[in-house]
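K.L.:
Quick one: the structure is below, and I'll ask about it shortly.
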Amino acid sequence: MDNRRYNGRVERRSRDLSLARSSRASSRSGRERASYGRPASAPGFSSRNDCRRAGRGSARGGYGRPARTGVGAAIDAAMPSVSGRAKVLLLVFAAIAAVFFLRLVFLQVLVADQYSAMAEESRTVSFETTPRRGTIYDRNGIVLATSVEATTIYANPVEVTDPAAEAAALASVLGGEVADYRDLLATPSTTFVYIKRQADVDKAEAVRELGLDGIYFIADTRREYPNGAIGGQVIGYCNVDGEGITGLELQYNDILSGTPGVYVGERGEQGFPIPGGVKEEQPAVNGQDIMVSLDIKMQDTVEQALAEGVKDLETEEGSSIVMDAATGEIYAACSLPYMNPADMSSSEVGSESVKAITQAYEPGSTFKSVSALTILEQGTMGPEDTMFCPSSISADDYDVSDSHERDGATYSLREILNHSSNVGISLATEQADFKYFYNNIKRFHFTEPTGVDYPGEAGGNVLDFDQWAKITGYNVSFGQGIAVTPLQMVRFYAAIANDGTLVTPHFLISKPQSGEVAEWESEDVGVDKGALADMRSMLRSVVTDGTGAAADIEGFEVCGKTSTAEIASEEGGYKKEVYNIGFCGFIDQSSSNLVCFVGANEVYAMRQTTKIFNDIMENAVKQYNITSNVSN
């Protein structure tokens, strides 16, 4: 029995092994047939499992996934016998090649110009070259400002082998601190630094003879002012780049400056200049010359007289203008303190402009001439007509009195002007009608700039008439409550001397190189000629019989009006016992058309600038050979 069980197990195991071998053989046979593309139902499969295995084998053979597209399909079509791993490598290689190709297109096409420019910049040094600035001449052809030859010294720090030694050598010739030059010569990451701009030619030549490494030279120009501080405020000055900063240098910068040139030089790999390597050099176009109305000799006379006179008045600030009433040409103009364009380090703050042009002020009694002309034109009073002038008058809770105490008196219009009576001119202007007075202020353009060719001109200011109270009319009639510039007052007095014609004050006369002569507008404001004659007669009386006696010049008929103007206080009201004083006048019936204003600021006690006017105009009589037309 045991043998039978054993034999039976042996037999069953043998049959199982036989069936397993048969099944594996059938499976291999199915896979082989599937690899040749036979369908799953083809003969030779021995079981359902064999069919399923054959189906999976068929999927791996390519019948179970979609067809490939794009680069992969192209590779399959071109190389059907290449294995899958090789195809992946080909795809990676193609992608890398595409990246390099696109980068090449980017560099060679899209940004080629930009990179080319960067490369060129790395091997060149470039800067603007300064043109020769035009010369400024006074009315007699005397040079006021000119450009002279100079040399700009620069360095290439890359080439400097011993900064300390070279710095010491430069300081010994050019002056200055050794440390400053050493810092320049050791500047990192640059091949260009200025050592000295617009140096004297002889000093630059001395540096050249030192034979220092990395030091180079450029021909340049430098602005010079031969007359120093004389006329400096009018002329103005330029910065180191040749640009006008103040005065006429600024006003006519476009004409004087010209057009800068361009210098481009090539350098080698280490920054060393290539011999003869000027790649591009565009020459600068020089500026034009101008001739101006300033008379530098008269300017010197005015500046000296003003400085001495203001010192005698124990103050520090003052202004003066001398102008031709017929043409508007300004012969002299200045304000203390003076400016020296040849040495700006010595010039004080506030000296850079002529304040008689750029600052408005309350004119005080010189404005009474505007009121008097209105009265004469309205015909409410003639020079000899009289009116009672009390010691003071009141309006809108304010009192008006004269600058000196007096009792009530009867004055003619001439005497009102002679004594500079605030009460008298207020009442006479009110009688003529404040509206006509306001219209005259507008007719003579006191609320507008004159149009002078000088930078920063100020305009005048007065309340619109519909805002006037009675006290406003009183105050404005004697020069308070209105702001004007001394230049505007000069133009008004010039109109009185010039039969009612308003001129445009100016400096420019011509451009010598082109022959162009400047033209300036004038305006006949239609003043009654009889009123103008009476006005000149009364202004003459102010000098002969009134407050302006010290202005008179023997043998001539000086006409003018004094001013003692109160100064507005920051706390409100007016300062006590301190005034802005002035005189504006001209020589009537003579060969001269010159009008002169002289003012001094912050003067204690009541004094006058008439003596300064006299000094200036007596010099003018001699300098211009002025003769009187009055028959003796």
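K.L.:
Going by what's in this entry, would residue 406 be described as of a type in the set (Lys, Arg) and within 26 Å of residue 493 (Cα to Cα)?
P.N.:
Details: of a type in the set (Lys, Arg): yes; within 26 Å of residue 493 (Cα to Cα): no.
So residue 406 fails the test.
K.L.:
Would a scan of region 548-555 turn up a residue that is surrounded by 16 or more Cβ atoms within 10 Å (Cβ to Cβ) and either farther than 21 Å from residue 304 by Cβ or not hydrophobic (A, V, I, L, M, F, W, C) (or both)?
P.N.:
Scanning region 548-555 turns up at least one residue that is surrounded by 16 or more Cβ atoms within 10 Å (Cβ to Cβ) and either farther than 21 Å from residue 304 by Cβ or not hydrophobic (A, V, I, L, M, F, W, C) (or both).
K.L.:
Also: Filter region 459-518 down to the residues that are of a type in the set (A, V, I, L, M, F, W, C), open to solvent by 10 Å² or more (accessible area, probe 1.4 Å), under 26 Å from residue 332 (Cβ atoms) and assigned to a helix (DSSP H, G or I) and list them by number.
P.N.:
Taking region 459-518 first, the residues of a type in the set (A, V, I, L, M, F, W, C) are 462-463, 465, 468-469, 471, 476, 478, 482-484, 487, 489-490, 492, 494-497, 502-503, 507-509, 517-518.
From the residues that got through so far, the ones that are open to solvent by 10 Å² or more (accessible area, probe 1.4 Å) too are 462-463, 465, 468-469, 471, 478, 483, 497, 508-509, 517-518.
Then keep just the ones that are under 26 Å from residue 332 (Cβ atoms); that gives 483, 497, 508-509, 517-518.
Passing the criteria: only 497.
K.L.:
Give me a count of the residues in region 377-389 that are within 19 Å of residue 476 (Cβ to Cβ) and either surrounded by 24 or more Cβ atoms within 10 Å (Cβ to Cβ) or in contact with a Lys or Arg (Cβ under 9 Å, 6 or more places away or on another chain) (or both).
P.N.:
1
K.L.:
(1) free of Cβ contacts under 8 Å to residues at least 12 places away in the same chain; (2) assigned to a helix (DSSP H, G or I); (3) open to solvent by 70 Å² or more (accessible area, probe 1.4 Å): which one isn't true of residue 575, the others all being true?
P.N.:
For residue 575, the failing item is (2).
K.L.:
Does residue 349 satisfy being open to solvent by less than 50 Å² (accessible area, probe 1.4 Å) and more than 13 Å from residue 597 (Cα to Cα)? Walk me through how you get there before you give the answer.
P.N.:
Values: open to solvent by less than 50 Å² (accessible area, probe 1.4 Å): no; more than 13 Å from residue 597 (Cα to Cα): yes.
The answer is no for residue 349.
K.L.:
Follow-up. Checking residue 450 against (1) open to solvent by 20 Å² or more (accessible area, probe 1.4 Å); (2) under 29 Å from residue 518 (Cα atoms); (3) without any contact (Cβ under 8 Å) to a residue 60 or more places away in the chain; (4) outside any helix (DSSP H, G or I), which single condition isn't satisfied?
P.N.:
Checking residue 450 against (1) open to solvent by 20 Å² or more (accessible area, probe 1.4 Å); (2) under 29 Å from residue 518 (Cα atoms); (3) without any contact (Cβ under 8 Å) to a residue 60 or more places away in the chain; (4) outside any helix (DSSP H, G or I), the one that fails is (1).
K.L.:
For region 210-253, how many residues meet the condition of being in a loop (DSSP other than H, G, I, E, B) and within 17 Å of residue 350 (Cα to Cα)?
P.N.:
Going through region 210-253 one residue at a time, the tally reaches 7.
K.L.:
Shifting gears a bit: Just give me the residues in region 225-242 being loosely packed, with under 14 Cβ neighbours inside 10 Å and farther than 20 Å from residue 332 by Cα, in sequence order.
P.N.:
Matches in region 225-242: 239, 240, 241.
K.L.:
Now, a different point. I'd like the full set of residues that are at pLDDT 95 or above and small (Gly, Ala, Ser), limited to region 117-146.
P.N.:
Scanning region 117-146 gives 134, 141, 145.
K.L.:
What residue, of 208, 182, is in contact with a strand residue (DSSP E or B) (Cβ under 8 Å, 6 or more places away or on another chain) and open to solvent by 50 Å² or more (accessible area, probe 1.4 Å)?
P.N.:
So the residue among 208, 182 that is in contact with a strand residue (DSSP E or B) (Cβ under 8 Å, 6 or more places away or on another chain) and open to solvent by 50 Å² or more (accessible area, probe 1.4 Å) is 208.
K.L.:
Do any residues in region 585-604 that are more than 11 Å from residue 490 (Cβ to Cβ) and assigned to a strand (DSSP E or B) have Cβ atoms under 9 Å from those of residues that are open to solvent by 50 Å² or more (accessible area, probe 1.4 Å) and among the hydroxyl-bearing types (Ser, Thr, Tyr), where the two are at least six apart or on different chains, and which pairs are they?
P.N.:
Hits for this filter: 590/627.
K.L.:
Among the candidates 196, 203, which residue alone is more than 30 Å from residue 292 (Cβ to Cβ), open to solvent by 50 Å² or more (accessible area, probe 1.4 Å) and assigned to a strand (DSSP E or B)?
P.N.:
Only one candidate qualifies: 196.
K.L.:
In the set 250, 256, which member is buried (at least 23 other Cβ atoms within 10 Å of the Cβ) and over 22 Å from residue 200 (Cβ atoms)?
P.N.:
256
K.L.:
Let me ask another. Would you pick out the residues in region 341-376 that are under 21 Å from residue 585 (Cβ atoms) and not hydrophobic (A, V, I, L, M, F, W, C)?
P.N.:
Selection gives 355, 361, 362, 363, 364, 365, 366, 368, 369, 371, 374.
K.L.:
Can you tell me which residue is farthest from the chain's Cα centre (by Cα) among those in region 140-170 that are open to solvent by less than 10 Å² (accessible area, probe 1.4 Å) and of a type in the set (Val, Ile, Thr)?
P.N.:
Within region 140-170, the match that is farthest from the chain's Cα centre (by Cα) is 153.
K.L.:
Return yes when residue 191 is more than 22 Å from residue 293 (Cβ to Cβ), buried (at least 19 other Cβ atoms within 10 Å of the Cβ), among the polar types (S, T, N, Q) and touching a helix residue (DSSP H, G or I) at 6+ places or on another chain (Cβ under 6 Å) and no when it is not.
P.N.:
Yes.
K.L.:
Take region 343-401 and flag every residue that is under 23 Å from residue 231 (Cβ atoms), among the charged types (D, E, K, R) and part of a helix (DSSP H, G or I).
P.N.:
Hit for region 343-401 is 355, nothing else.
The values are calculated or read from the model by the stated rules, or taken from the named source; none is laboratory data. Only a predicted model underlies this, so the values are computations on that prediction, with no experimental measurement involved. Cβ coordinates were reconstructed from backbone atoms using ideal geometry, including for glycine residues, and neighbour counts include every protein chain displayed. Just the protein is used for accessible areas: all its heavy atoms, side chains included, with ligands, DNA and RNA removed. Shrake-Rupley method; radii C 1.70, N 1.55, O 1.52, S 1.80 Å.
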